[in-house]
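Step one of this worksheet: look at the structure below.
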Amino acid sequence: MINCKHLCMMLMLALCTLTAQAQEAELIRNGDFELNPRVERGTSATTVWDGPKPVVVVHVDPISADNPNYAVICCDTIYNVGFDGIPVVEGAKYDFSVSLRHIPALKEEERTCGHKLLIIQLVDEQRKPLAEATIRAKGCHWQKYETTFTANAASVKARLAIIGIGCQKIAIDKVSLKKHE
């Protein structure tokens, strides 16, 4: 007969294994900009994200109350280093998904309709593109976008780059990158 102590230990081992497998499947860390120093010491909403300018994280009109933070970019680039670098294999396919919405300009004369172009890249340590895809986002409501791209070179410490083209601001949340199965 299995006692409670052994049952709890087996359950904890199973949960640890599932967590490790889930982290291996997801190549992006903090894709929802929700890391919090009160939960995980030394983190913030911008942990593992960086760029030439500081990454702007806001929480007005979020995807949901459970996911209040998201990043805003304009014509700049943000990078995610994943879990200490993203391992990229030449010829491998990668599935990328993200939730986006346009942020209307405050001044009516600066508001524009149309699309926001984002270039999604996996880049090596010298920022040389290893794989690339484009997404044309539209609308002021949160929408999920998905694409698959193939790496044309390898790197053990690649980063994900999200590059905004044009001067429209766009909200970014729920960023995900997984190796295509």
Full-stretch length increase - ARG41, THR134 - with 0.36 nm per residue and alpha-carbon distance subtracted: 30.0 nm
May I ask you to compute the full-extension gain from THR150 to ILE165, defined as 0.36 nm times their residue separation minus their alpha-carbon distance, rounded to one decimal in nm? 3.2 nm
Determine which lysines satisfy two conditions relative to LYS169: a Cα distance under 30 Å, and not lying fewer than 8 residues away in the same chain. LYS53, LYS93, LYS107, LYS116, LYS128, LYS138, LYS144, LYS157, LYS178, LYS179
Computed about the Cα centre, the charge dipole of region 28-179 from +1 Lys/Arg and -1 Asp/Glu charges at the Cβ has a magnitude in debye, to the nearest 20, of 140 debye
In the neighborhood of ASN30, defined by Cβ-to-Cβ distances under 12 Å, what is the net charge if each Lys or Arg adds +1 and each Asp or Glu adds -1? -4
Give me the number: length gained by fully extending VAL60 to ASP84, i.e. 0.36 nm times residue separation minus the C-alpha to C-alpha distance, one decimal in nm. 5.6 nm
Those residues of region 145-181 whose amide nitrogen sits under 16 Å from the label point placed on LYS53, 7 Å along Cα→Cβ: 162-172
Any idea how far apart HIS180 and TRP142 come out in nm if each label point goes 7 Å out from Cα toward Cβ? 2.8 nm
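Read the figures in this text as sums done on the coordinates, not as results from a lab. What you see is a predicted model, and the numbers here were worked out from it, not measured in a lab. Note that each Cβ is placed from the backbone with ideal geometry, even for glycine, and that neighbours are counted across all protein chains shown.
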